[in-house]
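The values are calculated or read from the model by the stated rules, or taken from the named source; none is laboratory data. None of the values given here were measured: they were computed from a predicted structure. Note that each Cβ is placed from the backbone with ideal geometry, even for glycine, and that neighbours are counted across all protein chains shown. Calculation scope for accessible area: heavy atoms of the full protein, side chains included, ligands and nucleic acids excluded. Shrake-Rupley method; radii C 1.70, N 1.55, O 1.52, S 1.80 Å.
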Amino acid sequence: MTVLPFLLGVSLICKQCDLILSFSLIQSNMRALNDPFTPFSFGVVTMQEQPKLKDLLEFPCQFTYKVMGYAKPELPDLVLEVIQRHAPGNYSPSIKPSGKGTYNAISVTITATSIEQVETLYKELSDIEIVRVVL
């Protein structure tokens, strides 16, 4: 019988503390993968702090929101209504339908003036009932 090392790497991102945790799952005997009583060993390989969004941006700056929601005719108007409330301007959103036509992606670029404005827009765009994802 040949004994082979088995290594599986897993990375987790903690959204609240902006840390990336990388784990290794190491098993020295391939036969043990079929044995539920053989323990696997976990070890933390790396832990690094990621920069926060506010540290990466210099204000004022161009900031693009991509809002994905159900393909309803009112989606672009609802997105622009929220954006106009916090960043008034003359916007021409880009609208792309999904392959099956169930969803639309609305992209709008604003001139952001503060991190608070960016975060408020993320929250309020996410609160639109027919929106599924805001990037």
Item checked: Residue in the stretch 55-63 that is at pLDDT 95 or above, under 25 Å from ARG132 (Cβ atoms) and in a helix (DSSP H, G or I) present -> no
Next item on the list: Return yes when ILE110 is in a helix (DSSP H, G or I), open to solvent by less than 40 Å² (accessible area, probe 1.4 Å), aliphatic (A, V, I, L, M) and touching a helix residue (DSSP H, G or I) at 6+ places or on another chain (Cβ under 7 Å) and no when it is not.
Entry: no
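Taking LEU125 as the residue in question, decide whether it is of a type in the set (A, V, I, L, M) and either in contact with a Cys (Cβ under 6 Å, 6 or more places away or on another chain) or open to solvent by 60 Å² or more (accessible area, probe 1.4 Å) (or both).
Considered against the rule, which asks whether it is of a type in the set (A, V, I, L, M) and either in contact with a Cys (Cβ under 6 Å, 6 or more places away or on another chain) or open to solvent by 60 Å² or more (accessible area, probe 1.4 Å) (or both), LEU125 comes out as no.
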Check: In the stretch 67-82, is there at least one residue being touching a Pro at 6+ places or on another chain (Cβ under 6 Å) and in a helix (DSSP H, G or I)?
Finding: yes
Margin query: Based on this model, can you work out whether GLY101 counts as open to solvent by less than 60 Å² (accessible area, probe 1.4 Å), at pLDDT 50 or above and at positive phi?
Written below: yes
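Quick check on this structure: which one of LYS96, LYS66 is modelled with pLDDT of 95 or more, within 22 Å of the chain's Cα centre (by Cα), open to solvent by less than 90 Å² (accessible area, probe 1.4 Å) and among the basic types (Lys, Arg)? Steps first, please.
On the way: LYS96 fails: open to solvent by less than 90 Å² (accessible area, probe 1.4 Å).
Criteria check complete, one pass: LYS66.
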Next item on the list: Could you list, in sequence order, all residues of the stretch 84-107 that are in contact (Cβ under 8 Å) with a residue 24 or more places away in the chain and outside any strand (DSSP E or B)?
Entry: ARG85, HIS86, ALA87, SER98, GLY101, THR102
